[in-house]
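Read through the structure below, which is laid out as structure tokens, and then see the notes.
The values are calculated or read from the model by the stated rules, or taken from the named source; none is laboratory data. Please read these numbers as outputs of a predicted model, since none were measured by experiment. In this analysis, Cβ positions are derived from the backbone assuming ideal geometry, glycine residues included, and neighbour counts consider all displayed protein chains. In case anyone asks, the SASA skips ligands and DNA or RNA and just uses the protein heavy atoms, side chains included. Shrake-Rupley method; radii C 1.70, N 1.55, O 1.52, S 1.80 Å.
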Amino acid sequence: MQTMYLHPKNPQPRLLKQIANALENGEIIAYPTQTGYALLTHIHAKNSLDHITRIKQIAAKDHHTLLCSGISDAANYAQINNEQFRHIKNQIPSTTCFVLNSTKQTPKYLLTKDKIIGIQITDYPPVTALLDAVNAPLIIHELNQESIAVNTPDEIEEMLEKQIDILVNTETIDVQQPQIINLI
């Protein structure tokens, strides 16, 4: 496992490019978000998704969540009507995951039997910079806060050292409580 040190407010473009390339190559990244550390994979990295579902520290969810750069990006993967659009627009930026019906563009391996998908949109600088570098949504897997201290990179390194490829350390994270809003 490799550790990279990223500036929390002005992430270095060179490092972001390396992280984006790693994601595109199917690697699993422990990355700081507004809700603490999360594991990120590229939307098209099905093998990485299979590997992540076997990591016991991942909180079990009934849907996968896509981390998107904006509502227009999210609308490619989730059906968003006018009322849902207004609701999402009024909530962002936040740590909210919106549960919506998926579109046909959503990869089938991300879907539940109900064909729903979680969408999260953020303005957290390290995350928005990474989304710009990747130029695609990422699958986000929040670490189970009961199993692992999600705001300390040292504990993530100790517990997940052989299960992830890169740990991104920004030194500080302003952890906010996540919430889920079902808009179906």
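Can you name every one of the helices (runs of 4 or more DSSP H) wholly within region 1-80 that holds 2 or more residues which are among the hydrophobic types (A, V, I, L, M, F, W, C) and in contact with a Leu (Cβ under 9 Å, 6 or more places away or on another chain)?
Here the list reads 13-24, 46-52.
Quick grid of which residues meet (1) closer than 25 Å to Pro126 by Cα; (2) charged (D, E, K, R):
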| residue | (1), (2) |
| --- | --- |
| Thr41 | yes, no |
| Gly70 | yes, no |
| Lys89 | yes, yes |
| Thr95 | yes, no |
| Phe98 | yes, no |
| Lys108 | no, yes |
Subset of region 83-93 (residues that are without any contact (Cβ under 8 Å) to a residue 60 or more places away in the chain and open to solvent by less than 70 Å² (accessible area, probe 1.4 Å)): Ile92
From Ile80, Ile156, residue being modelled with pLDDT of 90 or more and buried (at least 20 other Cβ atoms within 10 Å of the Cβ): Ile80
Looking at region 97-109, can you tell me whether even one residue there is closer than 20 Å to Ile28 by Cβ and surrounded by fewer than 20 Cβ atoms within 10 Å (Cβ to Cβ)? yes
Every residue in region 6-61 that is loosely packed, with under 15 Cβ neighbours inside 10 Å, modelled with pLDDT of 90 or more and among the aliphatic types (A, V, I, L, M), please. none
Selection from region 123-138 of residues that are assigned to a helix (DSSP H, G or I) and buried (at least 16 other Cβ atoms within 10 Å of the Cβ): Pro126, Val127, Thr128, Ala129, Leu130, Leu131, Ala133, Val134
Residue satisfying all of: in region 163-184; over 15 Å from the mean Cα position of the chain (by Cα) and at pLDDT 85 or above; farthest from Lys17 (Cα to Cα) among these: Ile184
Where residues in region 102-122 are touching a residue at least 24 places away in the same chain (Cβ under 8 Å) and in a helix (DSSP H, G or I), which of them is farthest from Pro137 (Cα to Cα)? Tyr109
Residue pairs meeting the criteria (Cβ under 8 Å; at least 6 apart or on separate chains; first touching a residue at least 24 places away in the same chain (Cβ under 8 Å) and among the hydroxyl-bearing types (Ser, Thr, Tyr), in region 5-23; second open to solvent by 60 Å² or more (accessible area, probe 1.4 Å) and part of a loop (DSSP other than H, G, I, E, B)): Tyr5/Glu171
